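What follows is a single structure, written as structure tokens, with notes after it.
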Amino acid sequence: MYINTKADIKPIGKCDERLNEVVEDTAKFMYRVVPNPQVGSIGGEWAVIGLARSGYKVPNEYYHKYYATVEDYVKSLNGELHDKKYTEYSRLIVALTTIGKDPRNVGGYNLLTALGDYDKTIWQGLNGPIWALIALDSGNYPMPQNPKAKTQATREMYINRILECQLPDGGWSLFGGTKAATKNEKSDPDITGMALQALAKYQHIPEVKKATEEALECMSKQQGENGGYFSWGSENSESCVQIIVALTELGIPLDDERFVKNGNTLIDNLLIYYKKGNGFLHTLQGNGSNQMASEQGFYGVVAAKRAMEGKNSLYRMSDAIDIGEPSPGIGKSKGLENKHKDVNVMPVVKPGTTFEDITGVNAHKNQTAIESLASRLIVNGRSENKFEPNANITRAECATAIVKALGIETKGENVFKDVKKSDWFFDYVATANKYGIVKGISKDEFKPNATVTKQEAAIMLAHAAKLAGMDTENNNGSVRDSLSQFEDYVTVDAKAMPSLAFCYSENILDDSSMKIEPKKNITRAEAAQMIFNMLGKANLL
């Protein structure tokens, strides 16, 4: 089957200086907040895709470490990423193609093979065939043969599946055209945008061309007066992104008159969600996952910039970056040279672990950190299915998580009268105390169920980082320089200042806020993020 993977590459608009600045600033933000990309829909593939396609200068080591993470993840699952969500394969294929890695051999497994199973690929709704096509076409890969498939897939079958699910109004929705669809199903801009992206390379097929024109007309009608879109109960940035990417894949200028409302273009709308130094908001009210919105907003402006400069579109990857071969030892987590001899790397033992209150419609900004730690048994939920990310963490929970994160074998004598041998955290508190990670609030009292403030967490993490081999020393001048940028730094206890300065200087804590709020209790999610960031810096992930 003929696939137009190159298209006519020509500028489709003028790339103004502001768009360049937004791409550069968001790339810098993304590189800072996703220092160790994991396998996942947040803090993983989309961040990698955005950075790799943006032109922002990222050390090759960053991508090598990500690839090593992917390789370990795939091996731990014996190449079977999910039994139902085949978009898990597609997302990884696109990301690996972006950095010039072959998804047909990842730790000895061919990730493309799964997409040869038609029935399993379409099981989750229209996302399945859409992303199968985008993944297969990102590297112009031949259609994989899947000997286990009940129905062997072809590109034509995926195209036809998308076409047959088109709604009467011209667009698409996740379950439109299936038994799961509701009465009077209306098209959704997110899914319609993605469907158009998948069909972009098949415009030479009359049926595809006709469906595309109908969908463009539908999306033009749905566009609001401010240039944006309303989806999933709110006007949001991500819906706008999907239409931007769709137009750039189709080679349509972003100032096409069909997509300018009241003088507002799609880019005008997307940029109202942009926050300098902090990525993109999901909604103007700040609701939802702003990390997810930032990653999608990032690749949206990258797609726009590439189109306006006449480069290959986001998903036409014949110009993928070449990261070369890793230096010896790069990408393998072994810890730092000066780490304590008892500190060990915690391997992934439960890949894919997640909780219902941090994912999906409940997507949490710290989802990646929580899932990464949970997959290593460093943290767990307060119940089987719920993590309770916004609940305050207790001293016992924090001490336990840090000891587990460092891979230290539990040992030590308990000296606290309020920590009983029968308590689940007994061994961990004793170990944390032995290694100097945490002290009691008095000589013989620990208060295990008390909450943890930000400055207390910083002290614990600084002690843990020193055990992990990091240089945690700060002189008075560097401490003052690190903390004086915050308007409330004078409220920090003197004993906590060096630890907070260290955590901010090493990006264990996010310095984008104007305030430290040192005595505010931290949540379970915030603690997980701090531990995750420290492990990344200490090469223990």
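Brief remarks follow.
- One residue stands out among those in the range 55-72 that are hydrophobic (A, V, I, L, M, F, W, C) and over 25 Å from Lys311 (Cα atoms): the one that is modelled with the lowest pLDDT, which is Ala68.
- Flag for Glu388 being in contact (Cβ under 8 Å) with a residue 12 or more places away in the chain, surrounded by fewer than 15 Cβ atoms within 10 Å (Cβ to Cβ) and in a loop (DSSP other than H, G, I, E, B): no
- Scope the range 260-272; condition hydrophobic (A, V, I, L, M, F, W, C) and under 23 Å from Glu295 (Cα atoms); matching residues: Leu266, Ile267, Leu270, Leu271, Ile272
- Residues of the range 314-336 include at least one that is farther than 30 Å from Ala538 by Cα, in contact (Cβ under 8 Å) with a residue 40 or more places away in the chain, part of a loop (DSSP other than H, G, I, E, B) and among the charged types (D, E, K, R).
- Hey, Gly193 modelled with pLDDT of 95 or more and within 27 Å of the chain's Cα centre (by Cα) or not: yes
- Any hit, the range 90-109, residues being at pLDDT 95 or above and in contact with a Gly (Cβ under 7 Å, 6 or more places away or on another chain): yes
- The set of residues in the range 198-218 being without any contact (Cβ under 8 Å) to a residue 24 or more places away in the chain and buried (at least 22 other Cβ atoms within 10 Å of the Cβ) is empty.
- If the condition is being small (Gly, Ala, Ser) and in a loop (DSSP other than H, G, I, E, B), then the range 233-289 contributes Gly233, Gly251, Gly263, Gly277, Gly279, Gly286, Gly288, Ser289.
- Boolean, Ala405 is touching a residue at least 60 places away in the same chain (Cβ under 8 Å), touching a Leu at 6+ places or on another chain (Cβ under 7 Å), surrounded by 14 or more Cβ atoms within 10 Å (Cβ to Cβ) and closer than 21 Å to Leu509 by Cβ: yes
- Checked against (1) exposed (fewer than 15 other Cβ atoms within 10 Å of the Cβ); (2) in contact with a Ser or Thr (Cβ under 9 Å, 6 or more places away or on another chain), Lys221 passes all but condition (2).
- Scan the range 339-381 for residues that are touching a Phe, Trp or Tyr at 6+ places or on another chain (Cβ under 6 Å), hydrophobic (A, V, I, L, M, F, W, C) and farther than 30 Å from Lys434 by Cα and the total you get is 2.
- Within the range 364-400, tally of residues that are in contact with a strand residue (DSSP E or B) (Cβ under 8 Å, 6 or more places away or on another chain) and polar (S, T, N, Q): 3
For every residue, the table says whether it meets (1) crowded, with 17+ Cβ neighbours inside 10 Å; (2) farther than 22 Å from Asp471 by Cβ; (3) not assigned by the TED database to the domain that holds Gly40.
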{"position": "Ser318", "(1), (2), (3)": "no, yes, yes"}
{"position": "Lys334", "(1), (2), (3)": "no, no, yes"}
{"position": "Lys341", "(1), (2), (3)": "no, no, yes"}
{"position": "Val345", "(1), (2), (3)": "yes, no, yes"}
{"position": "Val348", "(1), (2), (3)": "yes, yes, yes"}
{"position": "Phe355", "(1), (2), (3)": "yes, yes, yes"}
{"position": "His364", "(1), (2), (3)": "yes, yes, yes"}
{"position": "Glu371", "(1), (2), (3)": "yes, yes, yes"}
{"position": "Ile378", "(1), (2), (3)": "yes, yes, yes"}
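- Checked against (1) without any contact (Cβ under 8 Å) to a residue 60 or more places away in the chain; (2) among the aliphatic types (A, V, I, L, M); (3) over 23 Å from Asp342 (Cα atoms); (4) touching a Leu at 6+ places or on another chain (Cβ under 8 Å), Ile508 passes all but a single condition, namely (3).
- Scan of the range 507-537 for residues that are closer than 18 Å to Gly43 by Cβ and in a loop (DSSP other than H, G, I, E, B), ordered by number: Asn507, Ile508, Leu509, Asp510, Ser512
- Among residues of the range 260-271 that are among the charged types (D, E, K, R), those with a beta-carbon under 6 Å from a residue that is surrounded by fewer than 17 Cβ atoms within 10 Å (Cβ to Cβ) at least six positions away or on a different chain give the pairs Lys261/Glu225.
- Residue list for the range 186-205, filter: part of a helix (DSSP H, G or I) and of a type in the set (A, V, I, L, M, F, W, C): Ile191, Met194, Ala195, Leu196, Ala198, Leu199, Ala200
- A Cβ distance below 9 Å, combined with a sequence gap of six or more or placement on separate chains, defines the contacts here; from the range 70-82, residues that are of a type in the set (S, T, N, Q) reach residues that are in a helix (DSSP H, G or I) in the pairs Ser76/Ser375.
- Unique match (being among the polar types (S, T, N, Q), more than 24 Å from Val348 (Cα to Cα) and at pLDDT 95 or above) among Ser484, Ser499: Ser499
- Residues of the range 437-455 classified as closer than 19 Å to Ala465 by Cα and of a type outside the set (Lys, Arg), total: 5
- Taking the listed residues Gly125, Gly108, Gly44, Gly79, the one that is at negative phi and either outside the structural domain of Cys503 (by the TED database) or not basic (Lys, Arg) (or both) is Gly44, with no other qualifying.
The values are calculated or read from the model by the stated rules, or taken from the named source; none is laboratory data. It should be emphasised that the depicted structure is a prediction, and the values quoted were computed from it without experimental measurement. Glycine gets a Cβ as well: all are built from the backbone with ideal geometry, and neighbour counts include every protein chain shown.
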